Amino acid sequence: MIQSMTGYGKAMVQLPTKKITIEIKSLNSKNIDLNARVPAYYREKELEMRKVIAAKLERGKIDFSIYVELTAEETAAKVNKPIVLEYIKQLREIAVSDDFEMLKLAVKLPDALKVERDELDDLEWEKVDEALEESLTKIIQYRKDEGAVLQNEFKNRIGNIQNLLEKITKLDASRVEKIRERLHNSLAEIMADFDQNRLEQELIFYLEKLDITEEIVRLKNHLSYFEDELTNKESNGKKLGFISQEMGREINTIGSKSNDAPLQKKVVMMKDELEKIKEQLLNVL
């Protein structure tokens, strides 16, 4: 079953002092393009998280974010008391003011606050890792749901091309007779007497160049192959893209050989259906 590269997954973890939210968004891309916004506190695990995300999502332009919201009266920033006291002492030597005003000025000076970085707790990382797996499960399901919509779209487009191809097959029989009759009439107008056998030989040679039987057979095979790949367990947008290119070649050849207005009209309609397929294939994993 095919998957879309468009997806979204979100998971949250509530810890005693903080709420952690993990978001993963993805759009279409030829390869994997992963952009991560991770707080410094989790930076040591970033490479590990990147590997997990890349393995699960395979392709796409992916934005991965971790947001941390403190929910308790706890902060990593602490007042650097010795530095602040030294600032106040130096300020008193310069000007006279009350202690509160001196303190307000001192805490704004460099190094007045220090950030104490705690080590990542194993239990906290376990919860974050579980949230990452949950968000990946959600985005993969999102991709599958989008893929189901695309699969129905492809089936309808392929069905339209198959119907048009059947009409072309029916038109082709009368097209050959029209060409044969037109050549006979044209030759009869310019020559009163001509070698009938030689004419038939030339007609066969000429009509072989305009014959589209092989192209019709190959196009039918490509359409069938495309439908089979839609139901494959593994989603392979690149492979479907290659098949669509082959379909395009056969349709173009039929158009160039047709030499018939009603038939060429059907060819244009097939090209339109195929272009819509190719546009949507850009978003298939």
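Could you run through the stretch 20-64 and say how many residues are over 23 Å from residue 2 (Cβ atoms) and of a type in the set (Lys, Arg)?
Qualifying residue count for the region: 5.
Is it fair to say residue 31 is closer than 30 Å to residue 231 by Cα and out of contact with any Phe, Trp or Tyr (no Cβ under 6 Å at 6 or more places or on another chain)?
yes
Residue-wise test of (1) surrounded by fewer than 11 Cβ atoms within 10 Å (Cβ to Cβ); (2) at pLDDT below 95; (3) under 30 Å from residue 33 (Cβ atoms).
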residue: 53; (1), (2), (3): no, no, yes
residue: 63; (1), (2), (3): no, no, yes
residue: 71; (1), (2), (3): no, yes, no
residue: 83; (1), (2), (3): no, yes, no
residue: 87; (1), (2), (3): no, yes, no
residue: 92; (1), (2), (3): no, yes, no
residue: 101; (1), (2), (3): no, yes, no
residue: 116; (1), (2), (3): yes, yes, no
residue: 150; (1), (2), (3): no, no, yes
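Any residue that is more than 24 Å from residue 281 (Cβ to Cβ), of a type in the set (Asp, Glu), modelled with pLDDT of 70 or more and in the same structural domain as residue 271 (by TED's automatic domain parsing) - is there at least one of those in the stretch 230-247?
Looking through the stretch 230-247, none of the residues is more than 24 Å from residue 281 (Cβ to Cβ), of a type in the set (Asp, Glu), modelled with pLDDT of 70 or more and in the same structural domain as residue 271 (by TED's automatic domain parsing).
Quick check on this structure: which one of 146, 177 is at negative phi, modelled with pLDDT of 95 or more and out of contact with any helix residue (DSSP H, G or I) (no Cβ under 7 Å at 6 or more places or on another chain)?
146
Would you please name the residue that is surrounded by the fewest Cβ atoms within 10 Å (Cβ to Cβ), looking only at residues in the stretch 228-276 that are more than 17 Å from the chain's Cα centre (by Cα) and part of a loop (DSSP other than H, G, I, E, B)?
Only one residue fits best here, namely 233.
How about the stretch 9-28: which of its residues are surrounded by fewer than 15 Cβ atoms within 10 Å (Cβ to Cβ) and under 21 Å from the mean Cα position of the chain (by Cα)?
27
May I ask you to verify whether residue 134 is in the same structural domain as residue 62 (by TED's automatic domain parsing) and closer than 30 Å to residue 283 by Cα?
So residue 134 fits the description; yes.
Look through 171, 136, 105, 123 and report the one residue that is closer than 30 Å to residue 44 by Cβ, aliphatic (A, V, I, L, M), over 34 Å from the mean Cα position of the chain (by Cα) and assigned to a helix (DSSP H, G or I).
Testing whether each residue is closer than 30 Å to residue 44 by Cβ, aliphatic (A, V, I, L, M), over 34 Å from the mean Cα position of the chain (by Cα) and assigned to a helix (DSSP H, G or I) leaves just 123.
The values are calculated or read from the model by the stated rules, or taken from the named source; none is laboratory data. Here the structure is a predicted model, which means the values were calculated and not measured. All Cβ positions, glycine included, derive from the backbone under ideal geometry; neighbour counts span all protein chains shown.
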